[in-house]
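Report on the structure given below.
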Amino acid sequence: NLKMLDFSNAPDQREFGNGPVPAGSIVIVQMEVLQPHESKRAADNPYISVAQSGLRQIYCQFSVAKGSYSGVSFRQNITLPLGGQNMRLSANQEKACNIGNATLKAICLAAKKPPKINDVTSLTGLSFPVRVKINDRPTEKDGRVYWNNEIAIVITPDKEVYGEVMREGEIILADGPITGDASRVQSTSRPSGNGHLPYDDPPAPSECDSVPF
C-alpha cells in the first residue's frame, strides 16, 4: 500500500521566471562545463572547446539558482589562461586569455574554493553571485528573437555587495534592460539543418577569438 506523502513543507508554487534577467541585476548562478559540439572538441579533453583560431576555451552554462529568475540559464565561452593554450598567440588572444584567467580566479574565490583546479570539469556545480548584462547577439528560433544574459562581472567576497546578495538571494534591477543593442544586430537567421540549439552557434570568429565576453 502507498506510503503517506507529506507535502506540507514544500515551497509555494510559482512560475519560473522567464529570462533574461534585467541587465545590472546580481543573481546567484550554478555553473556547468559542457562538452562543446563534437567538431570543436580538443583532442586531449572533450570538455575543452577549440575556436577556429586554435584558442582553447571552456563552454559553460550558468543557471540562476535561486530568486525570482530561478531556472533561467545562459551559455558563454570562457577563454583558458595562457597556461592552458598550446599555440603562439596574438596580442588580442593574450588579452582574451588574461580576461579568462581573471574570470576563472574570481569564480573560484566567489564560490569559496581555492583558485586551482586539476580539471575544468571540477568547476561544474560551483555556485556564486554574478552581475549580468545582455548579450548583444540574440538567438533566433522559430521566427522569434531571444535575448540571453551573460556575465558582466563575478561578485567576489571582497565586494561590498557580496554579503547582501548571499543573504537576499538576488538583487534585481527592475528597470534594467532586457534586450541588447538592436542597432548592432544583423539578421541572425541562417539555414539550420545541423540539429543543435541556436545558442550553440558561436559568434563570428573575430569576436569570439578576441574577447570572450
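Answer yes or no as to whether GLY180 is in a loop (DSSP other than H, G, I, E, B) and either loosely packed, with under 15 Cβ neighbours inside 10 Å or not polar (S, T, N, Q) (or both).
Yes: the conditions hold for GLY180.
Suppose we keep only residues that are β-branched (Val, Ile, Thr) and in a loop (DSSP other than H, G, I, E, B) within segment 103-154. Which one would you say is nearest to ALA65 (Cα to Cα)?
Once the filter is applied, the top-ranked residue is THR124.
Between residues in segment 147-160 that are over 17 Å from TYR59 (Cβ atoms) and residues that are surrounded by 16 or more Cβ atoms within 10 Å (Cβ to Cβ) and of a type in the set (Gly, Ala, Ser), which pairs lie under 7 Å by C-beta distance while being six or more apart or on different chains?
TRP147/GLY180; VAL154/ALA106; VAL154/ALA110; ILE155/ALA110; THR156/ALA106; THR156/ALA110; PRO157/ALA110
Does segment 49-69 contain any residue that is of a type in the set (S, T, N, Q), part of a loop (DSSP other than H, G, I, E, B), over 16 Å from MET87 (Cα atoms) and modelled with pLDDT under 95?
Scanning segment 49-69 turns up at least one residue that is of a type in the set (S, T, N, Q), part of a loop (DSSP other than H, G, I, E, B), over 16 Å from MET87 (Cα atoms) and modelled with pLDDT under 95.
Looking at (1) more than 17 Å from GLY54 (Cα to Cα); (2) surrounded by fewer than 19 Cβ atoms within 10 Å (Cβ to Cβ); (3) free of Cβ contacts under 8 Å to residues at least 60 places away in the same chain, which is the only condition SER90 fails?
(1)
For segment 121-149, which residues satisfy the criterion of being among the hydrophobic types (A, V, I, L, M, F, W, C), surrounded by fewer than 20 Cβ atoms within 10 Å (Cβ to Cβ) and within 16 Å of the chain's Cα centre (by Cα)?
Within segment 121-149, just LEU126 meets the criteria.
The values are calculated or read from the model by the stated rules, or taken from the named source; none is laboratory data. What you see is a predicted model; the values in this text were computed from it and never measured. In this analysis, Cβ positions are derived from the backbone assuming ideal geometry, glycine residues included, and neighbour counts consider all displayed protein chains.
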